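J.: Below is the structure I would like to discuss, written out as C-alpha cells.
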Amino acid sequence: MTCRSVVSLVPSLTEAVAVSAPGLLTGATDWCSHPPGLDVTRVRGTKNPDVAAVIRLAPDLVLANEEENRPGDLDALRAAGLRVMVTEVRSLDQGFAELGRVLTEGCGLRRPDWLDEAEEAWRRARRRHAGRDVRAVVPVWRRPWMVLGRDTFAGDLLAALGVRNVHAAHPERYPRIPADRLAAPGLADVVVLPDEPYPFAADDGPEAFPGTPAALVSGRHLTWYGPSLVEAPHVIGEALAAALR
C-alpha cells in the first residue's frame, strides 16, 4: 500500500520516514527532534498524544511502538478508522527488521540505502569487537536511579560493541537499583551515561561512580533505531574508547 500521509508517534520512526521520503510525514510528537527543522503538525508526546489532532490529520498510517505508546491511545485511533502499525524493537536485528517492515510494507517505499549501510556498519562492528568483554552499568534515569536491565535495544547495541550490561539478567527491563549497589567497587569496567532520557552530563552523573570510568554518550545513537544507526558504531565506540583509555 502506498501512503500519501503518515503520522509518527515514535521519534526513531519519525526520523526514518522523514529521511527516506521527505514530505510523507504530516504529524509527529513534540519529542521528534530529528531531522532538524522538521515542519509537521505536532501532536504532543509519545505517552499523551493529542488523539483528536491525529484523527483530524486523517493519515493513511500511524506509526507506534509497543514500549513508547499506550495501548488505549492506539485503540482510540483504530476506533476512528485509522491504520496503526505497532513496532517491537528489543534488539538490533529486530530493529533492522522492523524498520524494513515499516518503510516498505507500511509506507510503501523502496528499501532505503541508509538501512543497508546501517546493517553493514553493525556487521563490521560485531566482527571488530568479537571476543571483547567490557562490563558496564548503564543508567537511564536518576532520582531514582534506573538502569538498563533485560531485553533492551540499547543493551543489545552495546553487546555488539563487546560491552556486557551487568544487569542484563535482571527480571525487569528498567530496574531501580540503589546508588550504592550501582557504584559497588569492581562491579563494572565503565559506566555508560546517555544524554536521554535523563540528560546525564560531565557534571551530573560521573561523580556518583568514583573509581569507575564514565562514557558520556549520545542517547540518540544508543537508543534510537533509524538513520542514526549508520554512524552509531563509530560514535558510541569513540565515547567508550575515550573513557577506557
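The values are calculated or read from the model by the stated rules, or taken from the named source; none is laboratory data. Nothing here was measured: the structure is a model prediction, and the numbers come from that model. Methodologically, a virtual Cβ is constructed for each residue, glycine included, from the backbone with ideal geometry; neighbour enumeration extends over all protein chains shown. Remember, those area values only see protein heavy atoms, side chains included, never the ligands or the DNA or RNA. Shrake-Rupley method; radii C 1.70, N 1.55, O 1.52, S 1.80 Å.
J.: Based on this model, can you work out whether Asp151 counts as open to solvent by 30 Å² or more (accessible area, probe 1.4 Å) and under 19 Å from Asp93 (Cα atoms)?
T.: Working: open to solvent by 30 Å² or more (accessible area, probe 1.4 Å): yes; under 19 Å from Asp93 (Cα atoms): yes.
It is true that Asp151 is open to solvent by 30 Å² or more (accessible area, probe 1.4 Å) and under 19 Å from Asp93 (Cα atoms).
J.: Which of the residues spanning region 199-243 are touching a strand residue (DSSP E or B) at 6+ places or on another chain (Cβ under 6 Å) and not in a strand (DSSP E or B)?
T.: Just the residues of region 199-243 that are touching a strand residue (DSSP E or B) at 6+ places or on another chain (Cβ under 6 Å), to begin with: 200, 205-206, 209, 212-217, 219, 222, 236, 239-240, 243.
Answer for region 199-243, where residues must be touching a strand residue (DSSP E or B) at 6+ places or on another chain (Cβ under 6 Å) and not in a strand (DSSP E or B): Phe200, Gly205, Pro206, Phe209, Thr212, Pro213, Gly219, Leu222, Ile236, Ala239, Leu240, Ala243.
J.: Provide a single number: the residues in region 19-29 that are under 18 Å from Val89 (Cβ atoms) and open to solvent by 10 Å² or more (accessible area, probe 1.4 Å).
T.: Pass one, region 19-29, residues under 18 Å from Val89 (Cβ atoms): 19-20, 28-29.
With the extra rule that they be open to solvent by 10 Å² or more (accessible area, probe 1.4 Å), the set shrinks to 19-20.
Residues that pass the stated criteria total 2.
J.: Can I ask one more? For Pro199, all conditions in the list (1) open to solvent by 40 Å² or more (accessible area, probe 1.4 Å); (2) more than 25 Å from Pro35 (Cβ to Cβ) hold save one; what is the number of the exception?
T.: Evaluating Pro199 over (1) open to solvent by 40 Å² or more (accessible area, probe 1.4 Å); (2) more than 25 Å from Pro35 (Cβ to Cβ) leaves (2) as the failure.
J.: Sticking with this one: Suppose we filter region 174-197 for residues that are in contact with a helix residue (DSSP H, G or I) (Cβ under 9 Å, 6 or more places away or on another chain) and over 15 Å from His221 (Cβ atoms); how many remain?
T.: Kept after step one, since they are in contact with a helix residue (DSSP H, G or I) (Cβ under 9 Å, 6 or more places away or on another chain), are these residues of region 174-197: 179, 182-183, 187-197.
In the following step, the residues that additionally are over 15 Å from His221 (Cβ atoms) were identified as 179, 182-183, 187-191.
The number of residues fulfilling the criteria is 8.
J.: Let me ask something additional. Among the residues of region 156-166, is there at least one that is part of a helix (DSSP H, G or I), closer than 30 Å to Val17 by Cα, acidic (Asp, Glu) and modelled with pLDDT of 95 or more?
T.: The initial filter retains those residues of region 156-166 that are part of a helix (DSSP H, G or I), namely 156-160.
Still in the running and closer than 30 Å to Val17 by Cα: 156-160.
Remaining after also requiring acidic (Asp, Glu): 156.
Still in the list and also modelled with pLDDT of 95 or more: 156.
Yes; the residues of region 156-166 include at least one that is part of a helix (DSSP H, G or I), closer than 30 Å to Val17 by Cα, acidic (Asp, Glu) and modelled with pLDDT of 95 or more.
J.: Ok, one more. Kindly establish whether Ser33 is under 15 Å from the mean Cα position of the chain (by Cα), surrounded by 19 or more Cβ atoms within 10 Å (Cβ to Cβ) and among the small types (Gly, Ala, Ser).
T.: Details: under 15 Å from the mean Cα position of the chain (by Cα): yes; surrounded by 19 or more Cβ atoms within 10 Å (Cβ to Cβ): no; among the small types (Gly, Ala, Ser): yes.
The answer is no for Ser33.
J.: Still on this model: With the checklist (1) open to solvent by 30 Å² or more (accessible area, probe 1.4 Å); (2) modelled with pLDDT of 95 or more; (3) of a type outside the set (D, E, K, R) in hand, flag the one item Pro227 doesn't pass.
T.: Just one mismatch for Pro227, condition (1).
J.: Of everything in region 53-68 that's open to solvent by less than 10 Å² (accessible area, probe 1.4 Å) and among the β-branched types (Val, Ile, Thr), which residue is farthest from Arg42 (Cα to Cα)?
T.: Val62
J.: So, one more: Looking only at region 17-29, decide whether some residue is of a type in the set (Ser, Thr, Tyr) and free of Cβ contacts under 8 Å to residues at least 24 places away in the same chain.
T.: First, pick out the residues of region 17-29 that are of a type in the set (Ser, Thr, Tyr): 20, 26, 29.
Then keep just the ones that are free of Cβ contacts under 8 Å to residues at least 24 places away in the same chain; that gives 29.
Yes, that holds for at least one residue.
Condition check ((1) under 23 Å from Ala241 (Cβ atoms); (2) open to solvent by 70 Å² or more (accessible area, probe 1.4 Å)) across all residues:
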position	(1), (2)
Gly95	no, no
Arg110	no, yes
Val140	yes, no
Leu158	yes, no
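J.: While we're on this one: Is it fair to say Arg164 is within 18 Å of Ser91 (Cβ to Cβ) and open to solvent by 30 Å² or more (accessible area, probe 1.4 Å)?
T.: Values: within 18 Å of Ser91 (Cβ to Cβ): yes; open to solvent by 30 Å² or more (accessible area, probe 1.4 Å): yes.
Yes, satisfied.
J.: Would region 111-127 turn up any residue that is part of a loop (DSSP other than H, G, I, E, B), in contact with a Cys (Cβ under 9 Å, 6 or more places away or on another chain) and within 20 Å of Ala16 (Cα to Cα)? Can you show your working first?
T.: Within region 111-127, the subset part of a loop (DSSP other than H, G, I, E, B) is 111-112.
Those left that are additionally in contact with a Cys (Cβ under 9 Å, 6 or more places away or on another chain): none.
For region 111-127, residues part of a loop (DSSP other than H, G, I, E, B), in contact with a Cys (Cβ under 9 Å, 6 or more places away or on another chain) and within 20 Å of Ala16 (Cα to Cα): absent.
J.: In region 73-89, is there at least one residue being open to solvent by less than 50 Å² (accessible area, probe 1.4 Å), under 27 Å from Thr152 (Cβ atoms) and of a type in the set (S, T, N, Q)?
T.: Scanning region 73-89, I find at least one residue that is open to solvent by less than 50 Å² (accessible area, probe 1.4 Å), under 27 Å from Thr152 (Cβ atoms) and of a type in the set (S, T, N, Q), so the answer is yes.
J.: Taking Glu119 and the conditions (1) touching a residue at least 40 places away in the same chain (Cβ under 8 Å); (2) surrounded by 15 or more Cβ atoms within 10 Å (Cβ to Cβ), which numbered condition does it fall short on, given that it satisfies the others?
T.: The one condition Glu119 does not meet is (1).
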